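A short reminder: the numbers here are calculations on the coordinates, not readings from a lab. These numbers come from a predicted model, not from an experiment. Here the Cβ positions follow ideal geometry from the backbone for every residue, glycine too, while neighbour counts run over all protein chains shown.
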């Protein structure tokens with residue numbers, strides 16, 4: 001009798017790289033979430049707002065987890081990933097790093113950030129910039145997740161539809 005089970009496809013080099021990249025993005029998400037939540041403690045300005053910032057860090061970790069899984073699913077389905085996913089992710093990581101530097105925490109000496117400590121006028125400026133950075137970070141991660149999920153399903157816009 002002839003064995004009629006389908007052969008397991010050999011993964012392409014691109015698919016193997018994308019799977020590794022998906023795992024790397026999950027690790028980056030965990031590190032970024034930890035930086036936003038606990039980074040101030042490395043510089044001695046951690047305080048009582050850490051529990052609140054843990055929600056932001058957890059949101060970042062979950063978004064990056066789903067992005068990484070979507071990239072792995074894209075590799076498994078042997079679809080290409082658009083560069084837009086990586087561009088929005090890079091901008092999101094940049095915003096996350098800056099947010100970790102600028103996000104204030106309530107210490108016994110008052111509000112402090114890594115960049116300015118408790119000194120004015122820098123503190124007010126940095127706190128004013130931190131809020132938009134957090135919003136942009138989450139928005140870019142959501143856009144990246146959306147595009148990565150479209151790539152995982154192989155959905156591509158037909159340029160002739162826009163003429």
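By how many degrees, 0 to 90 and rounded to 10, does the Cα axis of helix 122-153 deviate from the longest principal axis of the chain? Tilt of helix 122-153: around 10 degrees. Modelled label positions at residue 97 and residue 16, each set 7 Å beyond Cα in the direction of Cβ, lie 3.0 nm from each other. Taking Cα atoms, how many degrees apart are the long axis of helix 83-102 and the longest axis of the chain, rounded to 10 and kept between 0 and 90? That helix lies at roughly 20 degrees to the long axis. The calculated 222 nm mean residue ellipticity attributable to helices in the chain amounts to -23000 deg cm²/dmol, summing -39500 (n - 2.57) over DSSP H runs of n ≥ 4 and dividing by all residues. Distance between the modelled labels on residue 42 and residue 146, one decimal in nanometres: 3.2 nm (7 Å Cα→Cβ projection).
Taking 20 Å as the cut-off, no amide N atom of the stretch 51-92 comes nearer than this to a point 7 Å along the Cα-to-beta-carbon line of residue 109. Relative to the longest principal axis of the Cα atoms of the chain, the long axis of helix 13-38 lies at roughly 20 degrees. Label-to-label distance, residue 139 versus residue 23, with points set 7 angstrom from Cα along the beta-carbon direction: 3.5 nm. Pair-distance distribution of the chain: all C-alpha pairs, bin width 5 Å, starting at 0; shares per bin in whole percent are 2, 9, 16, 17, 13, 11, 9, 7, 6, 4, 3, 1, 1, 1, 0, 0, 0.
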